[in-house]
Amino acid sequence: MSTQSNSYWRASVVISLTMLLALMPALTLAQGTKLQPPKNKYSVQDDVQLGQQAATEVRQQMPTLPENSSADAYVERVGQRLIGAIPPQYQNRAFRYTFDVVNARDINAFALPGGPMFVNRGMIEAARTEGEMAGVMAHEISHVALRHGTAQATKQSGIGIQLGAIGSAILGAVIGGNVGGAIAQGAQLGLGAYLMKYSREYETQADILGAQILARAGYDPRDLASMFKTIEQQGSGASGPEWLSSHPNPGNRYERINQEAAKLRVERARSNTDMAMFTQIKNDLQRMAPAPTMRQIAEQQQTRSQQQNTPQRYPDNAQINEGSVPSPANSYRTYNGGNVFTISVPGNWREFPANNSVTFAPDGAFGDYRGQSVFTHGAIAGVTNVNTSQLQVATDQYVGALLRGNPYLQAQSNYRQGRLDNRTALSTVLGGRSNITGRNEYVMIYTTMLGEGSLFYLINVVPADQQRNYQRAFQAILRSVRFNR
């Protein structure tokens with residue numbers, strides 16, 4: 001072979017290899033089963049409108065973690081990574097994907113039409129790896145991308161469903177189904193359950209597309225199959241985890257996911273640093289007070305609704321009876337203080353909201369005394385206006401007013417600096433002999449600034465000889481505080 005021929009051959013090889021390398025990303029993107037989204041008579045904007053309306057209601061009725069919390073920020077990052085990995089043919093620029101963490105113990109997650117997704121804290125804690133958590137999210141994203149919510153409604157078009165009724169039905173199924181009580185008309189008609197319980201066909205599609213999204217995002221698509229087994233193993237109760245009740249097994253789920261995984265190539269595998277972050281987030285969640293169940297959240301909502309039209313004060317027939325005050329329960333429930341803060345308290349403590357504060361106390365620890373509402377065990381959380389932006393000056397103002405109103409109390413310690421939901425905070429202890437019980441009591445105060453002229457305070461109150469029994473509960477309450485602004 002001549003030198004000229006050798007040069008031509010080498011040039012051809014280089015050109016051929018260059019073309020092959022250029023085609024490889026396209027070949028990789030083409031891997032996987034092609035899906036045909038189901039028929040849908042509703043517009044993409046309908047999906048967006050329905051999802052946004054329902055998401056607003058969900059955020060008002062479910063205790064979501066603050067946006068600046070480590071868990072919420074982490075789930076948001078994972079979610080955006082998955083969104084970027086949706087195959088182009090299933091992407092929709094009009095969709096508005098968002099990710100919220102619900103402070104609920106149940107193993108559950110759901111996505112609304114158009115993009116809003118809610119992941120229960122219990123789901124994150126149940127997952128063994130970041131890939132399993134991402135598998136839940138990729139599966140939910142697939143339902144959104146393939147527009148399965150409004151596709152379900154299209155199947156029901158014969159009964160004349162209007163757009164507003166679909167929104168109520170979806171919301172009713174999400175909230176009513178999860179907390180044990182239907183709150184929307186659509187759910188009462190049974191439509192909500194139909195819309196949110198996906199068919200076997202839709203579940204298979206979400207499994208396939210979910211595996212593809214995982215691989216494109218750098219996760220092992222087989223994590224999706226292992227995620228289902230993890231949820232089944234960790235679920236409790238005869239009916240199993242709530243999430244699986246609305247995402248039924250199409251029959252050959254594990255085999256079908258693994259078959260799809262064999263066709264896929266993992267793009268840019270996640271680093272060890274990414275995986276370590278998942279462990280850190282789980283540790284952060286475990287340091288929080290235990291999350292309430294969805295049933296407990298529903299009961300709290302019902303109690304709050306009943307109290308809206310009643311005077312915000314202790315019951316007239318309540319009696320201070322220290323001998324019958326129960327110890328703090330080991331289970332906790334979350335109180336949502338509007339758009340300001342959330343806090344978890346023992347499940348056997350009652351709540352008494354006022355204009356700018358809320359008192360939590362067990363039975364026997366609150367009542368009327370000489371025309372005043374008082375309590376001997378429990379906590380108060382609230383916000384007060386101050387004429388300064390300096391934390392110590394604001395705390396001086398608040399503590400000074402508290403001492404003037406309760407002259408039997410005296411400062412027992414200087415200020416100590418700490419953190420309250422990643423904000424600089426101060427704490428101090430007051431003490432004295434209660435004029436209600438005749439016993440010494442401790443009043444522990446924690447403060448932090450929420451903004452110019454706005455001071456958040458948390459007060460724990462307990463008789464001195466019972467402090468040790470309440471210390472664990474008070475620490476859990478303190479760790480649970482999350483600010484929404």
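The values are calculated or read from the model by the stated rules, or taken from the named source; none is laboratory data. Treat the numbers as computed from the prediction; the structure is a model and nothing was measured. Don't worry about glycine lacking a Cβ; one is built from the backbone with ideal geometry, like all the others, and counts go over all protein chains shown. These area figures cover heavy atoms from the full protein model, side chains too; ligands, DNA and RNA do not enter into them. Shrake-Rupley method; radii C 1.70, N 1.55, O 1.52, S 1.80 Å.
For the reader, a short list of remarks on this structure follows.
- Against the numbered list (1) farther than 29 Å from Arg333 by Cβ; (2) open to solvent by 10 Å² or more (accessible area, probe 1.4 Å), Thr56 comes up short only at (1).
- Taking the conditions (1) aliphatic (A, V, I, L, M); (2) over 35 Å from the mean Cα position of the chain (by Cα); (3) over 29 Å from Ala329 (Cα atoms) in turn, Leu450 satisfies each one other than (2).
- Residues that are in a loop (DSSP other than H, G, I, E, B), more than 24 Å from Asn484 (Cβ to Cβ), open to solvent by 30 Å² or more (accessible area, probe 1.4 Å) and touching a Ser or Thr at 6+ places or on another chain (Cβ under 8 Å), drawn from the range 425-460: Ile436, Thr437
- Complete set of residues in the range 196-229 that are modelled with pLDDT under 85 and either among the hydroxyl-bearing types (Ser, Thr, Tyr) or part of a loop (DSSP other than H, G, I, E, B) (or both): Lys197, Tyr198, Ser199
- For the range 286-305, the count of residues that are modelled with pLDDT under 60 and either open to solvent by 80 Å² or more (accessible area, probe 1.4 Å) or touching a Cys at 6+ places or on another chain (Cβ under 9 Å) (or both) is zero.
- From the options Phe352, Phe341, residue that is modelled with pLDDT of 75 or more, open to solvent by less than 30 Å² (accessible area, probe 1.4 Å), under 19 Å from Phe375 (Cα atoms) and not basic (Lys, Arg): Phe352
- Of Thr334, Thr342, Thr359, all but one fail to be of a type outside the set (Lys, Arg), part of a strand (DSSP E or B) and free of Cβ contacts under 8 Å to residues at least 60 places away in the same chain; the exception is Thr359.
- Helices (runs of 4 or more DSSP H) lying entirely in the range 76-156 (those with 1 or more residues that are open to solvent by less than 10 Å² (accessible area, probe 1.4 Å), in contact (Cβ under 8 Å) with a residue 60 or more places away in the chain and of a type in the set (Ser, Thr, Tyr)): 130-145, 148-155
- Top-ranked residue of the range 266-283 - restricted to ones that are exposed (fewer than 14 other Cβ atoms within 10 Å of the Cβ) and modelled with pLDDT of 90 or more, ranked as farthest from Ile208 (Cα to Cα): Asn283
- Exclusive hit being modelled with pLDDT under 90 and under 16 Å from His143 (Cα atoms), set Tyr90, Tyr97, Tyr42: Tyr42
- Unique residue being within 26 Å of the chain's Cα centre (by Cα) and among the polar types (S, T, N, Q) when the list is Ser480, Ser427, Ser413: Ser480
- Just one of the listed residues (Leu478, Leu458, Leu430, Leu426) is in contact (Cβ under 8 Å) with a residue 40 or more places away in the chain, of a type in the set (A, V, I, L, M, F, W, C) and closer than 20 Å to Asp396 by Cβ, namely Leu458.
- Count - residues of the range 475-484 that are in contact with a Leu (Cβ under 9 Å, 6 or more places away or on another chain) and either open to solvent by 10 Å² or more (accessible area, probe 1.4 Å) or more than 20 Å from Asn68 (Cβ to Cβ) (or both): 2
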